[in-house]
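Undergrad: Sending over a structure as structure tokens; questions will come in a sec.
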Amino acid sequence: MTTPVPPPPKPPGSGSGSGQEFERDVELNDEGIVGARWWHKALASQDSTVERRHVLVGLIAAGGVLGAIGMAGYGISKIFSGPSETVDTRRSLEMQRQFGWDFGARGKPLVFNGVSEKPFVRADLDQLPDVMLPAYNAKYYVNTLPMSLKAQPAAALPAPAAGTTAPALPPFKTLSEVILPIVTPEMEKAYRAGEALARLCSGRRSLAILADLPGPECVAFAAGACSVFEPVLLFDNWPHPVGVVPTHQTLAALAYYQPRFAEQKNLRSSARPLFLLDRRRMSAYSEESDRFDNRYYARAPRLSALAQDEIQALLYVVASPAALPEPDDINAVLAPAYPEPQTVAVRALALTDFGTTAVTSGPSPLYFGGSAETDATFWIAYPYDSSFTPTLDQSTAFKASDASRYSFISRSTAAATTPESLGNVAVMVGGSGLVMAAALGRRGSQNRFSGGWSG
Amino acid sequence: MNHAIFALELCLELAPDSELWSELRALVAEHPAISSPGKKWQMLRSAVQILVANQDAFVRGCWDFFDDNERALKDYDMWCNGMITREGARKEASGAPRRHGEPRFMTFTMSFLMDAGSQCARDVAKLCEVPENLLWKKQTFVKILSGLGVMNFAAVKSDVFYVIPGDESWGLTAEDLTDRKFQYLRMIEDR
């Protein structure tokens, strides 16, 4: 049924060039949402009496929704910016989504170590989000990092107030325009360890892996293991030129292994997940004004959820026994304070337990314990294969590192780390409470900001 | 200036062959960065026409009018943040309804921050005088939509429009709508 719309009255105030214009300050256009906001310039400029308390009320409302500090009305700062500016705190990722991944550091280059010399088709990066979207475990997937590649700022920082000069900044470039694929010796070793673990686990369907390694090595490990395990990214931040977490290297590693991930995605029939976390996500960080806090709290799946997926054992993979105990966010998942009814056994596994005793000129396969003979003793240290019966030789062949005997115990101190305590950035807030600029690089003067201006 | 706010959000079922989503999406995405009260009014009129013509697809919704200044400012920020933080948007594709045979849904949201002392605000207030037992009726949503021709953009300080999803294969699922964040969207009663 269609109800007729009444005939339109003549639109009032349709004149242009008289301050009656509406100006768009926010525009979103991606797969999830399309939207925009406009401001009536004349009315907005008339209303210079907007008070900060109104905006703060809005911030509280937004914070209640997402746990994020909102950015109420930052766009209208073009109109409402006042003389008094203060430093405040906002969620880093939200600022990057609004103002660009390089928020406050436009033009500062990313530094890549180990740039690959292999042919690289930059346009292929457009496919990375699709390549990394799991076929079986999408419910656990965190798409934050792949989606950063093509992200454009949704809004521009406000123009400088009258009498001030904006610094000349280079044009914005998306991450997909600046990322370079990397491969380092550490990544290659992690790749071969991944291959070795995949070989060992082939055919054992009830195992899952949570790899908590430095980002590039984590990606390389997953690339090595992805013939058997389905990679599920849990990277929940964006790169930044002066980020505490060098996430651009993780993205660069994904770019390097993208062909491998794409190929194996089409071949793989297994639903066993391999969750990827960047161990540097909670790197120690003090209130340094020249660093951008892009750290994050892991959103790892609960053991009870994995149990529902018929996972019986989870291997928590770390670089070495020295990487234990696990960070607070993972402790809360693997050793919950209030244990959930679940049947997932959790054991730690150190990459240093994979090696080779072979002397060759090129890369050789890695084995658990270093040789083909010790390789099968994996199922002694990790008794998740009921069909495996060790021989006498095998049972004495290799003693795994302390990681294999590590116990996950709930730590009361883990609760002190919360998602909100990570990933916050100082910003300049105008007199109306609106974000004016990132407050990176401040050196005792609140008037000198990257991406802002000085008077 | 004291402020008033009108906001309306509808959740509609995405039919595979319907142009509802693409028309609303285009309406928002293609509206110029610099606009005029006249163009804004035409935009609203077009949105109303599309929605009313597709009232059979209405599933859930909500609408608000407040002329309390603090409430209006707070609520307008809230509606804007719903867009800016992509609160309701999915994080990944859900698949087109045609392909998966499961229903998919979209939302269309619009909110207007007005001069509370204007005739426009008074007209909208009058439009929104609805008995409580009719608040969630489809006929009420249609009546309000159809009456939005009274919106005078000379008195509208800011407006926001958004459509979820931005890509047809990112439609909301029935399970998505059970999430707590969508609780404010009530089932729309047919009669």
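Undergrad: Which of (1) open to solvent by 20 Å² or more (accessible area, probe 1.4 Å); (2) at the interface with chain A (Cβ under 7 Å from one of its Cβ atoms) does B:V28 not meet, given it meets every other one?
TA: Of (1) open to solvent by 20 Å² or more (accessible area, probe 1.4 Å); (2) at the interface with chain A (Cβ under 7 Å from one of its Cβ atoms), only one is false for B:V28: (1).
Undergrad: Something else now. Which of the numbered conditions does B:A125 fail, given that it passes all the others? Conditions: (1) part of a helix (DSSP H, G or I); (2) surrounded by 21 or more Cβ atoms within 10 Å (Cβ to Cβ); (3) more than 8 Å from chain A (Cβ to nearest Cβ).
TA: Status for B:A125: all satisfied but (2).
Undergrad: If you take the residues of region A:195-233 that are assigned to a loop (DSSP other than H, G, I, E, B) and modelled with pLDDT under 95, which of them is nearest to A:Q264 (Cα to Cα)?
TA: Restricting to residues being assigned to a loop (DSSP other than H, G, I, E, B) and modelled with pLDDT under 95, the top hit is A:S202.
Undergrad: Checking B:I84 against (1) open to solvent by less than 10 Å² (accessible area, probe 1.4 Å); (2) at the interface with another protein chain (Cβ under 9 Å from one of its Cβ atoms); (3) in contact (Cβ under 8 Å) with a residue 24 or more places away in the chain, only one condition comes out false. Which one?
TA: (3)
Undergrad: Look through region A:218-245, keep the residues that are in contact with a helix residue (DSSP H, G or I) (Cβ under 6 Å, 6 or more places away or on another chain) and within 16 Å of A:P327 (Cβ to Cβ), and return whichever of them is surrounded by the fewest Cβ atoms within 10 Å (Cβ to Cβ).
TA: A:D236
Undergrad: Quick check on this structure: which one of A:A284, A:A307, A:A262, A:A323 is aliphatic (A, V, I, L, M), surrounded by fewer than 22 Cβ atoms within 10 Å (Cβ to Cβ) and in contact with a Ser or Thr (Cβ under 8 Å, 6 or more places away or on another chain)?
TA: Details: A:A284 fails: in contact with a Ser or Thr (Cβ under 8 Å, 6 or more places away or on another chain); A:A262 fails: in contact with a Ser or Thr (Cβ under 8 Å, 6 or more places away or on another chain); A:A323 fails: in contact with a Ser or Thr (Cβ under 8 Å, 6 or more places away or on another chain).
That would be A:A307, the only listed residue that is aliphatic (A, V, I, L, M), surrounded by fewer than 22 Cβ atoms within 10 Å (Cβ to Cβ) and in contact with a Ser or Thr (Cβ under 8 Å, 6 or more places away or on another chain).
Undergrad: If you don't mind, there's one more thing I want to ask. Does A:P214 fit the bill of being out of contact with any Phe, Trp or Tyr (no Cβ under 9 Å at 6 or more places or on another chain), surrounded by 18 or more Cβ atoms within 10 Å (Cβ to Cβ) and in contact (Cβ under 8 Å) with a residue 60 or more places away in the chain?
TA: When the stated conditions are applied, A:P214 passes them.
Undergrad: Would you confirm whether any residue within region B:134-146 is part of a loop (DSSP other than H, G, I, E, B), open to solvent by less than 20 Å² (accessible area, probe 1.4 Å) and not β-branched (V, I, T)?
TA: No, region B:134-146 contains no residue that is part of a loop (DSSP other than H, G, I, E, B), open to solvent by less than 20 Å² (accessible area, probe 1.4 Å) and not β-branched (V, I, T).
Undergrad: With the requirement that a residue be open to solvent by less than 20 Å² (accessible area, probe 1.4 Å), facing chain B (nearest Cβ under 9 Å) and modelled with pLDDT of 90 or more, what does region A:144-154 give you?
TA: Within region A:144-154, just A:T144 meets the criteria.
Undergrad: Here is a follow-up. Would you kindly identify the helices (runs of 4 or more DSSP H) lying entirely within region A:363-455 that contain at least 3 residues that are modelled with pLDDT under 80?
TA: A:392-397
Undergrad: Out of all the residues in region B:10-41, which are of a type outside the set (A, V, I, L, M) and touching a Ser or Thr at 6+ places or on another chain (Cβ under 6 Å)?
TA: Correct list: B:C11, B:S36, B:P37, B:G38.
The values are calculated or read from the model by the stated rules, or taken from the named source; none is laboratory data. The shown structure was predicted, so the numbers you read here are calculated from the model rather than taken from an experiment. Don't worry about glycine lacking a Cβ; one is built from the backbone with ideal geometry, like all the others, and counts go over all protein chains shown. These accessible areas exclude ligands, DNA and RNA; they are computed on the full protein's heavy atoms, side chains included. Shrake-Rupley method; radii C 1.70, N 1.55, O 1.52, S 1.80 Å.
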